[in-house]
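The values are calculated or read from the model by the stated rules, or taken from the named source; none is laboratory data. What you see is a predicted model, and the numbers here were worked out from it, not measured in a lab. Don't worry about glycine lacking a Cβ; one is built from the backbone with ideal geometry, like all the others, and counts go over all protein chains shown.
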Amino acid sequence: MHRMFLKPGLLMFTAIFSSAAFNGCTVAASKTPRGSIDANKTADSALQGAAIRIETNSPADTVRVFYKNLREKRFREAIFLTNLRPAVEGLTDAELKEFQVDFEAIAKNVPVNLEINGEIVSGNSATVTAKMPGEDVEKTEIQAINLRRENGVWIILTVDEKVENVIKQEGKNYFYALRIETHHDEAKEMLERIAKAQIAYSAQNQGDYAPMPALIVAGLLPADIKSADSTGYVYAINLSKHKREYFATATPAVYGKSGKLSFILELKGKLLPTARSVDNGGKPLKK
């Protein structure tokens, strides 16, 4: 369900470390032009899974180390290799751990053997290509990862310049704000999914609507809707006695940390159900 802060619904953070890091760019192939890599660097080794020779501290090596750290759950070290660094520099270990679920949702999709197959360097800019999971995490595709050199060190560009400036201004508050924003989007999407699930269920059950467990068993809703750990929200479906009406709510699990808006999905006569939201201090909009 996470937007993988990363996309497989992959955390809030999904988008940051997958499609954002790659800028959504899929390429057919990429080769390192002769002489395009700094010649004074010493070859490290042809690493397992790499289709090119990777030199120590090169852009390709930065990408390799980034995903290695991510896969091994060294999240601070991984983020330090990106332009998201200002967002974690001020976080204590305890604060960073609050995002553990989000980061782990990303880390589990990093291949054990990352195939890096191209590196192009032009001045202080570089592009590295690697085989990575795409929108369908079961399939890999060649994706381009952009980097820039700052003070002699290569960093991965996971966000654009506009967002980077916001991160520099907000510092450690950036991830908190991003998580809330992402949870808000996901809560609205989940309520819309509940509406579609109820339509599908009622069409097969003489117009009756269903409680949440029945929708999950029917495969119409994901099981993690029951856990606020991954969603940040508490979801509830309330049926009328005759099962011909219902409303659904989404309430922040921890107001101000996992979300601020409370949502409700209500039927409007024969019209399709509509969702609305308001900041009411983290209370359900209806019980």
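Quick look at the values:
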quantity: Residue pairs meeting the criteria (Cβ under 6 Å; at least 6 apart or on separate chains; first more than 15 Å from residue 198 (Cα to Cα), in segment 223-244; second among the β-branched types (Val, Ile, Thr) and modelled with pLDDT of 95 or more); calculated: 223/216; 228/234; 234/251
quantity: Helices (runs of 4 or more DSSP H) within segment 70-189 that include 2 or more residues basic (Lys, Arg) and farther than 27 Å from residue 54 by Cβ; calculated: 161-170
quantity: Yes/no for residue 223 being under 24 Å from the mean Cα position of the chain (by Cα), closer than 30 Å to residue 98 by Cα and loosely packed, with under 14 Cβ neighbours inside 10 Å; calculated: yes
quantity: Residues of segment 79-124 satisfying the condition of being under 19 Å from residue 147 (Cβ atoms), of a type in the set (S, T, N, Q) and surrounded by 14 or more Cβ atoms within 10 Å (Cβ to Cβ); calculated: 82, 83, 117
quantity: Of the criteria (1) of a type in the set (Asp, Glu); (2) farther than 13 Å from residue 145 by Cα; (3) modelled with pLDDT of 95 or more; (4) in contact with a strand residue (DSSP E or B) (Cβ under 8 Å, 6 or more places away or on another chain), which one residue 55 fails; calculated: (3)
quantity: Residues located in segment 202-220, provided they are within 18 Å of residue 250 (Cβ to Cβ) and either assigned by TED's automatic domain parsing to the domain that holds residue 102 or modelled with pLDDT under 95 (or both); calculated: none
quantity: Residue in segment 199-214 that is surrounded by fewer than 20 Cβ atoms within 10 Å (Cβ to Cβ), over 21 Å from the mean Cα position of the chain (by Cα), of a type in the set (D, E, K, R) and assigned to a loop (DSSP other than H, G, I, E, B) present; calculated: yes
quantity: Residues that are over 18 Å from residue 242 (Cα atoms) and among the polar types (S, T, N, Q), drawn from segment 197-227; calculated: 227
quantity: Test: residue in segment 150-161 that is buried (at least 19 other Cβ atoms within 10 Å of the Cβ), of a type outside the set (Val, Ile, Thr) and farther than 18 Å from residue 246 by Cβ; calculated: yes
quantity: Enumeration of residues in segment 221-255 that are of a type outside the set (A, V, I, L, M) and either at pLDDT 95 or above or part of a strand (DSSP E or B) (or both); calculated: 222, 233, 235, 238, 246, 247, 249, 251, 252, 255
